[in-house]
Amino acid sequence: MVGLPAAAGSPGRRRHLAYVVIPFLLLTHCYDRFALPTGLASRLARHVPGHLRAVSVPFHNLGVLMVAAQICLVYVVSGLYKVMGEEWQDGTA
């Protein structure tokens, strides 16, 4: 996981955050609702063995937790970077 100090809104840094978060999203079930039509997704799900479907739930939860942890880390690091800035040290912020 990577924190993004300074200008986290710059295009290069946003792209870097996407590179970190996208592998976590691959663990989640977000593709069930956005990628395939509902009928096609349900037909494909019937062909997946039951033990793989049972394992997918913990991976989904892990992926969601990792995305949330990454976002929290980005906010904490950017907040600490701002606190160390000159405006906060002078008391003018």
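Every read-out reported here was derived from the displayed coordinates using simple, explicitly stated rules and does not represent laboratory data. Not measured: the values here are computed from a predicted model. Quick reminder, even Gly has a Cβ in these numbers, built from the backbone with ideal geometry, and neighbours come from all protein chains shown.
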| task | Rounded to whole Hz and in sequence order, give me ³J(HN,Hα) for the range 44-60 from the Karplus expression 6.51 cos²θ - 1.76 cosθ + 1.60, θ = phi - 60°, writing x for Gly and Pro. | result | 5, 5, 5, 8, 7, x, x, 5, 6, 5, 5, 6, 5, 5, x, 5, 4
| request: For Lys82 and Arg43, calculate 0.36 nm times their separation in residues minus their Cα-Cα distance, and state this gained length in nm to one decimal. | output: 9.0 nm
| task | Quickly work out the Tyr19-to-Gln89 label distance, labels modelled 7 Å from Cα along the C-beta direction, and quote it in nm with one decimal. | result | 3.1
